[in-house]
1. Can you give the calculated 222 nm mean residue ellipticity of the chain, where each DSSP H run of n ≥ 4 adds -39,500 (n - 2.57) and the sum is split over every residue, rounded to the nearest 500 deg cm²/dmol?
2. For the chain, modelled as a GNM with alpha-carbon contacts under 10 angstrom, which of Glu72, Glu55, Glu125 fluctuates the most?
3. Sort out for me the Cα centre separation of the stretch 147-171 from the stretch 22-70, rounded to whole Å.
4. Could you give each residue of the stretch 110-127 its phi-based ³J(HN,Hα) in whole Hz, using Karplus coefficients 6.51, -1.76, 1.60 with θ = phi - 60°, and x for Gly or Pro?
5. Given the options Asp18, Asp62, Asp168, state which has the largest fluctuation in a GNM of the chain using a 10 Å cut-off (strictly under) for Cα springs.
6. I'd like to check one number: the per residue accessible area of the stretch 1-82, probe 1.4 Å, reported in Å² as a whole number.
7. For the chain, give the magnitude of the charge dipole about the Cα centre (Cβ charges: +1 Lys/Arg, -1 Asp/Glu; no others), in debye to the nearest 20.
8. All other residues with a Cβ under 13 Å from the Cβ of His91 taken together, and with Lys, Arg as +1 and Asp, Glu as -1, what is their net charge?
Amino acid sequence: MNEDRKQESYTIRNIQRDEADIYWPLRLEALKTHPEAFGASFELSIQLPMSEVQERIHNEPDDYILGAYTEEGTLAGMMGFKREHGLKLRHKGMIWGVYVAPPYRGGGLASLLLREVLDRGRYLEGIKQINLSVVTTNESARRLYERYGFEVYGIERNALVVHGQGYDEALMNYFYAEHSTLDENITTGGVR
C-alpha cells in the first residue's frame, strides 16, 4: 500500500440513484472478485438493466447504500444498511454489501464506513441491534467488526456454495443497549 493512499481523505455519503453508473461497476467488481463473500451472484447481477439498479438504490434513513468517495470523486468503498420490516422485526437493522476496492484497502476506509452506519443507527427510533454475516475466511473483516463491538452468535455452515465449494459465514450482531457510546479509543483506523 502506498503511503499517500493512507493519508487520503474521503467523503462519506449516501450513493444517489443518479450515481448508479458509478456504483454498479464497483458492485459487479465485488461480486466477480469475491463471489464467496456475497449472496448475490455476478452472473445474474450483470444482466440487470440500469433502471432496475437505480430502483434498488434507496435513500431513506433506514435503507441506504453508503459510499466513500475520494477527493477526485472515485467511489472507493461501500456499505449497505437496511432496517428489517414488520412490527416484530423493526428493532433490527442489517449491514450488507460491504466492499472496498483493492487500491484503497488498509487505510481504515471500512472502519470509516462502519462507524458512520453505527452512528446513524443511534438516531433511528427503536433500533436496538444491527446484524451482519461475514465469510469465516475473511479474518480482517471479522476483526474489524469485533473491534466495534460485534459478537459472533453463530456459524452457518455452507452458507454459500460457489463453484461447488461451501463457505461458512459468521453471524454477528451489535447491540446498542450494550454499547451506548462507541469506545472513545476507537480511531479512524478502528484500533482499540
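1. Values: 6 runs with 52 residues, N = 192.
Mean residue ellipticity, 222 nm, calculated: -7500 deg cm²/dmol.
2. Glu72
3. 20
4. 4, 5, 4, 5, 4, 4, 5, 4, 5, 5, 4, x, 4, 9, 8, 4, x, 6
5. Greatest mean-square fluctuation among the candidates belongs to Asp18.
6. Working: 4420 Å² over 82 residues.
With all protein chains present, the stretch 1-82 gives 54 Å² per residue.
7. Details: 22 positive and 29 negative charges, 91 e Å.
Once rounded to the nearest 20, the dipole reads 440 debye.
8. Values: positive: Arg83, Lys88, Arg90, Lys92, Lys128; negative: Asp62, Glu84, Glu125.
Summing Lys and Arg as +1 and Asp and Glu as -1 gives +2.
The values are calculated or read from the model by the stated rules, or taken from the named source; none is laboratory data. Small disclaimer: the values here were computed from a predicted structure and weren't measured. Every residue, glycine among them, receives a Cβ derived from its backbone with ideal geometry; neighbour counts consider all protein chains shown. Side chains included, ligands, DNA and RNA excluded: accessible areas come from the protein's heavy atoms. Shrake-Rupley method; radii C 1.70, N 1.55, O 1.52, S 1.80 Å.
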